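The values are calculated or read from the model by the stated rules, or taken from the named source; none is laboratory data. These figures come from a predicted structure and were not determined experimentally. Backbone-built Cβ (ideal geometry, glycine too); neighbour counts: all protein chains shown. Each accessible area value is taken on the protein alone, full model and side chains, heavy atoms only, with ligands, DNA and RNA left out. Shrake-Rupley method; radii C 1.70, N 1.55, O 1.52, S 1.80 Å.
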Amino acid sequence: MTHPLSPRLTGIHAATIVPMRADFSVDEEALATHIGAVANRPGIRGLLVNGHAGENFVLDAAEKRRVIEIARKVSPADCVICSGINAESSLQAARDAADAETAGADILLVFPPNSWALGHDERVVDIHHAHVADASSLPIMLYAAPVGAGRMPYSAETLTRLAANERIIAVKEGSWEVAAYEANKRLLEGLRPDFVVMGSGDEHLLTSAIIGSAGAQVSLAALVPDLLVEFFAATASGDWTTARRLHDSIYPLAVAIYRDAPGGRATARLKLALAEQGMIPSDIVRPPQPAPSEAERRAVIAAMRAAGL
């Protein structure tokens, strides 16, 4: 049976960032302004808070709960609030899940712990998601990790087991490789026609849309929300000429922010772009991430100019 939230997991959902002060504390006023500006743009259907772009791995539990509270307060009532759950400990992940529900989240995105990249017993995947599910009544979205993230991506067998749980209703398909994206999409929708597959890779949004996606949950939508909304509308209507034209504006930004390794630099580059646009006060990221390098700064600013920003 289709979950009531599933029809709302369509279109563009923006992954937001967390502005920091010079002492690395959360700038709550700037956070509220940032999230409110994105969430209230016409066509933005939802938000991902406490995701990778939101530096979830360096926020403590109280800060993550506060991010959700602020997002709920400044967002339209019909805006879907998805909160990332990213913890090495299943017990902490469960506590974060309970906090997220209390704070006003609508759905949980459960990230595979980073330690799984080195390899893990397959049973830990089921145990981890079971602890999260038992801690709250919210529906759950899986995270399909990039194919380059070691042993973190889920096998077909693991996805099949997870999809048997009716509380798990969607996947943020972050394989960043089109063959894996299509294989996972076909598998999950074959198992459950109501399963929602949302795109994640900002560099290949066009490819994902051609293969098929309910929508996209991406951090570029925090920088250029109108461009992403227009792009999705074009793909949804089958206007591929317009979609390709818009993709030509999106692509340089995606490359400058996301392509060059290591992947953890994407948030610093995204904050740089937002700060250059005056959308956040500064591009400060929490340690151990360093500030954007001069080379990163030049690349991001050039891509912004190419996109007309």
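Here region 277-298 is the region considered, the condition is being open to solvent by 60 Å² or more (accessible area, probe 1.4 Å) and among the charged types (D, E, K, R), and the residue that is nearest to GLY263 (Cα to Cα) is ARG297. Screening GLN217 with (1) outside any loop (DSSP other than H, G, I, E, B); (2) open to solvent by 10 Å² or more (accessible area, probe 1.4 Å) gives one miss only, at (2). In region 287-309, which residues are part of a helix (DSSP H, G or I) and hydrophobic (A, V, I, L, M, F, W, C)? Scanning region 287-309 gives ALA295, ALA299, VAL300, ILE301, ALA302, ALA303, MET304, ALA306.
Restrict the check to region 138-158 and report whether at least one residue is in a helix (DSSP H, G or I), touching a helix residue (DSSP H, G or I) at 6+ places or on another chain (Cβ under 8 Å) and open to solvent by less than 10 Å² (accessible area, probe 1.4 Å). Checking region 138-158: at least one residue is in a helix (DSSP H, G or I), touching a helix residue (DSSP H, G or I) at 6+ places or on another chain (Cβ under 8 Å) and open to solvent by less than 10 Å² (accessible area, probe 1.4 Å). The condition (being open to solvent by less than 60 Å² (accessible area, probe 1.4 Å), in contact with a helix residue (DSSP H, G or I) (Cβ under 9 Å, 6 or more places away or on another chain), without any contact (Cβ under 8 Å) to a residue 60 or more places away in the chain and of a type outside the set (S, T, N, Q)) is satisfied by just one residue among ALA135, ALA170, ALA180: ALA135. Looking at (1) open to solvent by less than 30 Å² (accessible area, probe 1.4 Å); (2) in contact with a Lys or Arg (Cβ under 9 Å, 6 or more places away or on another chain), which one does ILE211 not meet, given that it meets all the others? Going through (1) open to solvent by less than 30 Å² (accessible area, probe 1.4 Å); (2) in contact with a Lys or Arg (Cβ under 9 Å, 6 or more places away or on another chain) one by one, ILE211 breaks only (1). Considering region 1-19, and only residues there that are in a loop (DSSP other than H, G, I, E, B), under 21 Å from the mean Cα position of the chain (by Cα) and among the hydroxyl-bearing types (Ser, Thr, Tyr), the residue that is surrounded by the most Cβ atoms within 10 Å (Cβ to Cβ) turns out to be THR16. Against the test of being under 19 Å from ALA306 (Cβ atoms), open to solvent by 20 Å² or more (accessible area, probe 1.4 Å) and in contact with a Lys or Arg (Cβ under 8 Å, 6 or more places away or on another chain), the options ASP260, ASP226 yield a single qualifying residue, ASP226.
Yes/no per residue for (1) outside any loop (DSSP other than H, G, I, E, B); (2) open to solvent by less than 10 Å² (accessible area, probe 1.4 Å); (3) at pLDDT below 95:
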{"position": "ASN165", "(1), (2), (3)": "no, no, no"}
{"position": "ASN184", "(1), (2), (3)": "yes, no, no"}
{"position": "GLY190", "(1), (2), (3)": "yes, no, no"}
{"position": "ASP194", "(1), (2), (3)": "no, no, no"}
{"position": "MET198", "(1), (2), (3)": "yes, yes, no"}
{"position": "ALA221", "(1), (2), (3)": "yes, yes, no"}
{"position": "GLU230", "(1), (2), (3)": "yes, no, no"}
{"position": "ALA243", "(1), (2), (3)": "yes, yes, no"}
